[in-house]
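Enquirer: Would you mind keeping the following structure in view while I ask a few things?
The values are calculated or read from the model by the stated rules, or taken from the named source; none is laboratory data. This is a predicted model, so every value here is computed, not measured. Neighbour counts are summed over all protein chains in view; Cβ atoms, including those assigned to glycine, are modelled from backbone coordinates with ideal geometry.
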Amino acid sequence: MGDLRPASVEFTATELVVGLADGRRIATPLDWYPRLQRASAAERENYELSPLGIHWPDIDEDLSVAGMLTGQRAN
């Protein structure tokens with residue numbers, strides 16, 4: 001199945017792009033994540049990677065790689 005640990009985080013004007021440890025990239029619409037969409041660039045860049053996902057402490061947002069792969073939107 002591959003290594004699903006997140007390795008990098010990038011933002012475009014309309015997408016959140018997460019690079020995985022096995023080289024794949026997941027791109028999801030930024031409007032699926034209202035807190036991230038409203039966050040400043042500095043808040044978006046302050047994130048922590050874990051084996052299962054990403055945490056943005058400044059905006060209290062947590063996203064799992066599994067959720068992104070299944071199309072789960074944040075509230």
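Enquirer: Against the definition (at pLDDT 95 or above, over 11 Å from the mean Cα position of the chain (by Cα) and not in a strand (DSSP E or B)), how does Asp3 come out, yes or no?
Expert: So Asp3 does not fit the description; no.
Enquirer: Which condition number does Asp58 fail, the rest of (1) over 11 Å from the mean Cα position of the chain (by Cα); (2) among the charged types (D, E, K, R); (3) surrounded by 14 or more Cβ atoms within 10 Å (Cβ to Cβ); (4) in a helix (DSSP H, G or I) being met?
Expert: (4)
Enquirer: Output the residues belonging to segment 14-49 that are surrounded by fewer than 11 Cβ atoms within 10 Å (Cβ to Cβ), over 22 Å from Thr70 (Cα atoms) and either within 10 Å of the chain's Cα centre (by Cα) or not polar (S, T, N, Q) (or both).
Expert: Listed by number, the residues that qualify are Arg38, Ala41, Ala42.
Enquirer: When segment 44-72 is examined, which residues are found to be among the acidic types (Asp, Glu) and more than 18 Å from Thr14 (Cβ to Cβ)?
Expert: Glu48, Asp58, Asp60, Asp62
Enquirer: Where the second residue is part of a loop (DSSP other than H, G, I, E, B) and the first is β-branched (Val, Ile, Thr) and lies in segment 54-75, which pairs have Cβ atoms under 6 Å and are six or more apart or on separate chains?
Expert: Close Cβ pairs (under 6 Å, with a partner that is part of a loop (DSSP other than H, G, I, E, B)) amount to Ile54/Tyr47; Ile59/Ala39; Val65/Leu4.
Enquirer: Pull out all pairs, ordered by first then second residue, where Cβ-Cβ is under 6 Å, the residues are six or more apart or on different chains, the first lies in segment 17-30 and is under 11 Å from Arg5 (Cα atoms), and the second is at pLDDT 95 or above and part of a loop (DSSP other than H, G, I, E, B).
Expert: Ala21/Arg5
Enquirer: Now for a separate question. Quick one: would you say Glu10 is part of a helix (DSSP H, G or I) and acidic (Asp, Glu)?
Expert: no
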